[in-house]
Every structure is written in structure tokens, then in C-alpha cells.
1. Looking only at residues that are out of contact with any helix residue (DSSP H, G or I) (no Cβ under 8 Å at 6 or more places or on another chain) and at pLDDT below 65 in the range 188-236, which one is nearest to THR315 (Cα to Cα)?
2. Do you know which residues across the range 437-447 are under 26 Å from ALA283 (Cβ atoms) and at pLDDT 85 or above?
3. If you scan the range 581-630, which residues turn out to be acidic (Asp, Glu), open to solvent by 50 Å² or more (accessible area, probe 1.4 Å) and either touching a Phe, Trp or Tyr at 6+ places or on another chain (Cβ under 7 Å) or under 23 Å from VAL539 (Cα atoms) (or both)?
4. Residues that are in a helix (DSSP H, G or I) and touching a His at 6+ places or on another chain (Cβ under 6 Å): does the range 373-396 have at least one?
5. Would you mind stating whether LEU516 is closer than 22 Å to ASN617 by Cα, touching a residue at least 40 places away in the same chain (Cβ under 8 Å) and buried (at least 19 other Cβ atoms within 10 Å of the Cβ)?
6. TYR547 - would you say it is buried (at least 16 other Cβ atoms within 10 Å of the Cβ) and touching an Asp or Glu at 6+ places or on another chain (Cβ under 7 Å)?
7. Looking at THR538, THR610, THR577, which one is out of contact with any Pro (no Cβ under 6 Å at 6 or more places or on another chain), in contact (Cβ under 8 Å) with a residue 12 or more places away in the chain, hydroxyl-bearing (Ser, Thr, Tyr) and under 23 Å from ALA404 (Cβ atoms)?
Amino acid sequence: MNKIISLIAILLASVAINARAAEPVTWSATLDGDTLVFHGTIADGWHIYGLEMPEGGTEAGIPDPTHVDITAGGEAVGTLSCDTEPSIHHDPSLGVELPWLSGAISLRLPVKFDTSASAIEGSLRYMACTEEACTPPARFDFALTADGSNAAYAPTTAATASKTELSEWWAPVEVKHETSSQSYWAILLFGFLGGLVALMTPCVWPMIPMTVSFFLKKSKSRRRSIMNAIIYSASIIVIFLTLGIVLTLIFGPGKLNEIATGAVFNIIFFLLLVVFAISFFGAFEITLPSKWSNAVDARAESTTGILSIFFMAFTLVLVSFSCTGPIIGTLLVEAFSQSNLMGPLLGMGGFALGLALPFGLFAFFPSMLKELPRSGSWLNTVKVVLGFVELILSLKFLSVADLAYGWRILDREVFIAIWIVLFVLLGIYLLGKLRFSHDAPQEHTSVGRFFMAVASLSFAVYLVPGLWGAPLKAISAFAPPLYTQDFNLYGGTFEEFHDYDQGMDYAKAQGKPVLLDFSGYACVNCRKMEGAIFDNPTVRTIIEDNYVIIKLMVDDKAKLSTPMTVEENGKAVRLSTVGEKWAFLQRHKFGINSQPYYVLLDNEGKPLNTPRVYDENLADFVAWLEDGIEIYKK
């Protein structure tokens, strides 16, 4: 853990140091017969790492050694050597001895020329550090003709088809950052709450007395009762986690981002949620074949020990499917938006924990069952309310597809108008003025329903100003962005560039630094940051007066006029959409693939200070902007 923390701290600090300091190492390359010679001058207080490093690799936090890659015009026929012996320094955080090179040094590499090539070219790769922190991994590119004179460096890679389109900003900075775990906690909490909500549905609630009866018959002692309850809860968790793993493996981690942003998947999810809502409203029931649950239930009764408890848990999963299916579907859609394996696993794990915990407690303490309210019309109310929730959430997925493909059928005011109607109808239903087919007549309104109706109707009133452009920070994570608003009395939209090169050219002409914003149409945290930070008057003034904003949407599905082929991780990667181009820029230049991600750049495209991820601390964000301005002026 200490090694990981040390590596992350070094890498996070590297961008700031790179922006503030002059180049700590200068290089020149010459030929001495058939030997490449690199002359380096390392600034006082700085060092680079030696040519041989301890075992363990970068996974353990050990930096790469200084080395040379020949890319064209020849090949190395010997090993890289240095005319100076490195000094050895103990790194307490890594627990290894690291070789340092400092001062004026010369590196030599024997090579064999390709007689058909005009020049030999490649890169010297190294990392410069002080005792406190390091710059990002850097490189010195060279191209030398056979007589030793410099030639134009023209790297030959898989990107030759699009080489003229790739500007200098493709040059890697390779700054690694620790991904914020806040979204993971949110998915886990969302799943846990979903499990608790599922407990109150008409499909799950009747399983409670059946479960307690089952365990009263199975348990012969208090100790055995406790053990059975633990096994039962664990079985529920294992079943739902297995479901999450299977679904994730079917789609594959590489497809998760497509699920989160693709039109087909989002429209399917939208329709599924609408169907689930209609089912909750009483039009029909979504059930698995009865013979499945009957067969599993019979197996639970006929078997003994741990196996019977597992089958009882499996019975709960099957019987409750018609109510838990919509909740799980919504949960998995949110979890898939994390674009990695952890989202679905944490989501399903949280759901299983939320559902299993109460059943475990009931098995622990059967007397608790006497305190629970009996099944009745209130369960139908829960089901209808969940139907409204499913319908409200469904619009988010239709909005994602609409934004990514630029259809503009669900602009912000349309989205808000539909939400207002749904929340008003929910309030009317809770007051008993709207009934569905399975609802019993309601002679009076309970106090609980009354306050829920007040909350729903009040929220509908809160949404009304949004029809004219009010920020509505409470729903900024769900509603389409302000720029889709056709009629806006409030103003408040930034003048932004959506092309990196155009924005950088404009900033250079204006003499202003750049606020580079990697965002996405499907990015919930991006919308939260826009509502909590960018809509703040102080932040708005600082940005409008001092910065040029370049917002790059990594899930923009617009086709590139000319597809690009680039090299990534040793493989040729084809970029065919605008979003793929900006996503590659973020990965390649900054070594991170999550949004939102904010970088302050000078007019040469170099970071001014440490980039920021999702963090709604307003004071810190303002200080970060002001720090960037001061560094830019210097």
C-alpha cells in the first residue's frame, strides 16, 4: 500500500512540477562511427534513473530505466552504456536501491544502419526527478543521417494514414491519476437502497413469513439458527453477485462504455423501464415460469443442510423476480455507466446486501415478524410509486442517446415538462385522486401519503422555472445541459470550443490560458459539476474573464470526416467518431479515462497545475483557477 501511495503522490505532483520548472534535462545526439552518443546536461538538484533498475517493474512502483528505442533506419547491436557510474540511493517507500544519474553525462549505444534508409531515428526515454517528486516520463526524439548530421524526425507508426491530422497535442504526457472512488460508493449505496426498496414490494414481502417458518423448522438450537441465517444471507448475495458477473462477462468490459452511450442500448433501456413502469401500474405481470420456482421450492423442502438453505435463497430470487427485475435492470444500467467491471459487481453486491440483511435478521429473530405490518393495499401503493420512479428515470436514457447523436427530440425544456407532469400525477395518485386497476377504493388519505404528495407536488413546482432556463441544480445530473434549452431567460451558458485545435489557436491569439474539460453526454458527475461549480457566479466570472474553455465530449457519436488510425499499447486503433478521437487524446496525453476531468493548459498545450477530477468543493476549484492564472502570467 505504501508503494502505491508513494507512486500516486509522485505522479500527481509531476504535472505541477513540469509546468513550473524549465526543462531539467537537455540532450543532443551525435554519431561516433557506428555508435549513437547522447550528451545530457541535468540541472542541479535533479537526476534521471539509471540504465538498469531493480526487479519488480512499474506495477510495484519502480520507474522504468533510461533506455533508447530505435524506430527506423537501423537497430541496436549492443547495450546502452554510460560514461559515469550512477549513485545509489535507498527509497524507503519502495524498499529498494535506485540508481541515479546527475550532472553532465554521455550515453553510448552501438547500432547497425539500414543501408536503404536515409536516417536512423528513435527516442531516448527517461524520467527526471528531484528528491521530492518527478516529471512525467519524457523522451528525446532524434534522427541522424549516416554522416552524423541531423535529419527531420518523422516517426513511423501505425498512424501513418492520419499523420498529417495529428497535431503536437498527441505527444504523450503520461500522467497517471488515482480514479475517484466516489462513483463506486454511489453505485454501492444505490444498490443497497434498491435492495431495501425491493423488500417492500408485493412479490418479496409475502416471502418473509415463509422464510421465518422455514428456519423455525430447520433450526434446532440458537447457535444453529444464527448459522443458518448467515448461510441464507450469504446465499442471496452469492446468487445476485453471480448474476452481475455473468451479465458483465456477456457484455465484456470493453462494451460497457458502448452500453452507457450507444443509441441502441439506451433506447432498449428506455423501453425496458417504460415496460416495467406499465407493469407496476397493473397492466400486466412480469413473471418467470411457475414451474421454475415450484421446482426450486420443492428441492428446498426435500434437501437438508446448506443445500436446502441455498435453494430457499434461490426460491426467493425467482419468486421476487417480477418486482426485483425492474429495480435490478435500473441498477445495472447505472452500474454499466462506470465503464468497467467494478460497477456491476458493486451494484449487484449492494442490492444483494440490502435484500439479504433484513431476511437474515428475521431468521435471527423470528419474533420481529410479529411487529411487521401485514400485506395489503399499501404494497400496491409502493408498486405504483415505483412505476412512476421507473418512468421518470427512463427519460435519462432516452436523453443520453438523443444528446450523443444530436437528434434534439428531448431538449431540456421538453425533458423538464415531462418530469413536471409525472411528479404532479404522482402527487395526485398519493392523494387518492388517481386510481389504477389493482388499487382499492381509498376513503381517506393517510398522513404518510399526504406528506409524500406534498413533496412530489412541491418538487413539480420547483421544476417549473427550468422551462425558462433556471439552473435547477437538484436535477443537473439527469437533465440535458443548458445549451439544449431553446428559450432561456436566465442566460448562463459559456462560449465553448468543441474542437481542441480551434480552441488552442483562439486561446493563443487572445493570450489566454485554456480550461480543458473532458466531459460526456452520459456523464452524471459532469452534469453535477456544471450545476454545483460552473453555474456559480464567482467561477463564471473568473472563467469568462481569464480562460478559453474547450469542452470535449468523449461519447460524441458524430462521424469523423476522415477516420484516423493511431498506435495504442502496441496495437493499431481505428478512431471513427469524434468522441473516440477525444477519448484517445485524454488517454494518450493525460493517461486517464474517466470524466469529468479538468486541465489548465498554457498556449503550448502544457499543464499549468495539477488536473482536477469530480469534486464539488467550490473554494478549492476557485483556488485552482486562480493558481492557474498566476502560473500562466509567470
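1. Result: MET210.
2. THR445, SER446
3. Hits for the range 581-630 are ASP615, GLU616, ASP620, GLU626, ASP627, GLU630.
4. yes
5. In short, yes.
6. No.
7. Of the residues listed, the single one that is out of contact with any Pro (no Cβ under 6 Å at 6 or more places or on another chain), in contact (Cβ under 8 Å) with a residue 12 or more places away in the chain, hydroxyl-bearing (Ser, Thr, Tyr) and under 23 Å from ALA404 (Cβ atoms) is THR577.
Yes/no per residue for (1) closer than 21 Å to PHE281 by Cβ; (2) at pLDDT 75 or above:
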site	(1), (2)
ALA335	no, no
GLY343	no, no
ALA356	no, yes
VAL385	yes, yes
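The values are calculated or read from the model by the stated rules, or taken from the named source; none is laboratory data. Since this is a predicted model, take the numbers as computed values, not measurements. Neighbour counts run over all protein chains shown; Cβ positions are idealised from the backbone, glycine included. Accessible surface is based on the protein model in full, side chains and every heavy atom, while ligands, DNA and RNA are left aside. Shrake-Rupley method; radii C 1.70, N 1.55, O 1.52, S 1.80 Å.
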